[in-house]
Amino acid sequence: MTEIHMPRLSDTMEEGVISTWRKQVGDQINRGDVVADIETDKAVMEMEAYDDGVLEKILIGAGETVPIGVPIGIMGDGSGAAAAAGASGGDSDGSAAGSATTGSNPESDSPGSAATEPAAPRSAGSAESDAGPRERPKASPLARAVAREKGVDLSTVTGTGPGGRIIRVDIEAAAEAKTATESPQQSAAESHRAERSEPQQQNEDLEEIPLSNIRKVTARRLTESKQQAPHFYLTSAVDVTDLVSFRSDLNERLQASGGPKVSVNDLVVKACATALRANPSVNVSFRDEKLFQHKRVHLGVAVALDSGLVVPVIPDADRKSVSEIAAEGKEKVERARDGKLKPDEMSGSTFSVSNLGMFGIEEFSAVINPPEAAILAVGATREEVQVRDGEFAVRKMMRMTLSADHRAVDGAVGAVFMQQLTSLLQDPIRIIA
Amino acid sequence: MAVITYRQALHDTLREEMLSDENVFLIGEEIGVFEGSYKITAGLLEEFGEKRVRDTPIAEEGFVGAAVGAAMLGLRPVVELMTINFSLLALDQIVNHAAKIYGMFGGQSNAPMVLRTPGGGGQQLGATHSQNIELYYAFVPGLKVVAPSTPADARALLKASLADNDPVLFLENLALYNTKGEVPDELPPAEIGKAGVTRPGSDITIIGYSRMATVATQVADQLGEEGISAEVIDLRSLRPLDRETLVDSVRKTGCAVIAEDDWLTYGIGAEIAASISDGAFDYLDAPVRRVAAAEVPLPYAKPLERAALPSAESLHTAVRQTLDAVGHRR
């Protein structure tokens, strides 16, 4: 009998939602089969089986959220659905990634021998190896027992015992830290619920919507950003008349050669990447009282999904052509819509672009996406009357606003960046130069 | 309540038991006229006569065998083996006879006898006269092995041993004979197979028996001054072993150090460590440590002898290291 545990699918993942069970109780599972889809804080990912067997029990149903390491189902030889329930109390510290040995040596466990071992020690999270094989953390038996009791994931604890062994005090400290960070939220949530329960009975017009993981993460990170990073804003009006006609020309030619269409936003992304390369002082991060210079330019492109905001990353955007950026961006946005974007495709950006122009928004200010130091908010393109050489002229204008973290970027530095970006966009041939 | 020596407690108890039960008799080398190599039997020949205090030739196998026969026929022999080292000469009588009688004869006969014998080194008696080989007997089903560390326990356990219908090896210790302690006048027999918690504590469990049980309490008192609450368990009985008390303590403290005068490898401490692992595995925050004698025939030279035997210092060090390993007060 083998427990299936909520796997760790990204570095920042603490809990996951069972999006769907792809297997039902009684289904035969072969090694490598997708057992379930798991929604992490960043994406929906497939959880593969590392053992052969039969799904005997589903412990956590679709839509439910559980922390990493919690048993979500039980696999066996198909004979022990009842016994399976009893075994779930066995080795529930699923973080003990016995998975490494399990996954690497599945042949040694014939179904028969597994059935004779009631508390199958090989149970620890068969699917956990999805995150790559991890070593079983060295912990004293007492620390393991206390961790189980307090729901502390051993893999998140640093051992201070001999040779890095995790000992009881480490678990207690971790549990305390966990309580300290959770309880304000919990108590806030509880008091919120308490406050609300009364009026809710009177006011049936109010309904709580369960937060998706993406929304939870967005809430946490953007609150952190707005609270910690002192934002300042620089707005430029760009004359994109030439850019728009340049894009039409470009698309005609690309279409002729069977290439993908390029959007104004793709051109803006490329122009930003070029301007960042020329102004490395904007391509920085302020973190833990330290300033970091990014040597590569990775552009994040904010995309609104039904479930929330995601930011696919186009790595090394300064070294890619506009059509490459267009193709990569299109492909990634599509996968993001399906929740199939991998966590590493949504992290590591050094600058982001957010565009609400398609909604007719003239201009807006975006919240910086930490740990980046700046984000560009792009508005709609519209025809305006401008004065050109003393004459009125109808020009296509687009407003864009840079939000910058003043801890990392000074006003003048941001202004020079915006100046160069504006000049690139107004002389678009240089974008593809 | 009187404060008396361990030696006196043994003497007084023997005398009392001889007074109360005429089937109790003493047998051994030099116990009568010479009054015992360690004077435990002083005055008893004069008081009880030659029939009940039997001096023997230097022939351990012979007089232990005689005692086994006497026990089978209803007497209550108390054998004095001058030191545990000489018990080896009577090993066959003890292991193959005394221990087996009850089981091999289908319960038709018991062998209710007490084999009193001191172990222990540190007296510059050389390698062959300084051993702690109680393990040989604690290993054998059919025997009981008790090891008192205080005058009161000596008295309570000697009473219990004489009342028991199985052969009991009663382990004394050369270093303990002159130690003093309170002995209540009305002391009931001890329960064989029951360990004592001689110092209650919560930070760490220290387990010892015989001389090392007294060293353990000294170390615990010193640790108390250092702000550490050590629980000391005096095994008192090696067979049967009181696993419950050990396990309960370690479940409370999460770590343990065993102090034993015998050798480390295969020693009594190994059995204790295994018992803790069986009963308190999920409660252990650090490996069980053992403090034991160096694995050499005990040297005669004083500095070497001292270096080879476990001490309060070595026990204290092991306790501190174990406390470090569990992050005590860090």
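Taken together, the values in this text are just the output of simple stated rules run on the coordinates, not laboratory data. All of these numbers come straight from a predicted model, not from anything done at the bench. No Cβ is skipped: glycine too gets one built from the backbone with ideal geometry, and neighbour counts run over all protein chains shown.
With a simple spin-label model that places each label point 7 Å from the Cα along the Cα-to-Cβ direction, the separation between A:Leu305 and B:Lys302 comes to 8.2 nm. If the chain linking B:Ser229 and B:Leu73 were pulled fully straight, counting 0.36 nm for each residue of separation and taking away their Cα-Cα distance, it would gain 51.1 nm. Here the contact order of chain B, divided by its residue count and restricted to Cα pairs under 8 Å and six or more residues apart, works out to 15 percent. The label-point distance for A:Leu291 and B:Leu264, in a model that sets each label 7 Å from Cα toward Cβ, rounds to 5.8 nm. The DSSP beta bridges internal to the protein assembly as shown are antiparallel in roughly 60% of cases. The length gained on full extension between A:Thr156 and A:Val34, counted as 0.36 nm times the residue separation minus their Cα-Cα distance, comes to 41.3 nm. For chain B, the longest principal axis of the alpha carbon atoms and the long axis of helix B:243-253 meet at an angle near 20°.
Note on B:Lys252 and B:Ser109: with the Förster distance fixed at 45 Å, the Cβ-Cβ geometry gives a FRET efficiency of about 0.55. The Cα center of the range B:16-56 and the Cα center of the range A:202-268 differ in position by 103 Å. Using alpha carbons only, the radius of gyration of the protein assembly as shown set against its Kirkwood radius gives Rg/Rh = 1.22. Loop-located trypsin sites (Lys or Arg not before Pro) in the range A:280-346 (DSSP state other than H, G, I, E, B) with a sparse environment of at most 12 neighbouring Cβ atoms within 10 Å: A:Lys295. Taking amide H atoms as placed 1.01 Å from N in the peptide plane, the amide H of A:Met75 lies under 5 Å from those of A:Thr2, A:Glu3, A:Ile4, A:Glu56, each 5 or more residues away in sequence or on another chain.
Based on Cα contacts under 8 Å between residues 6+ apart, the range B:183-330 shows a relative contact order of 24 percent. For the pair A:Ser365 and B:Ala2, label points projected 7 Å from Cα toward Cβ lie 9.5 nm apart.
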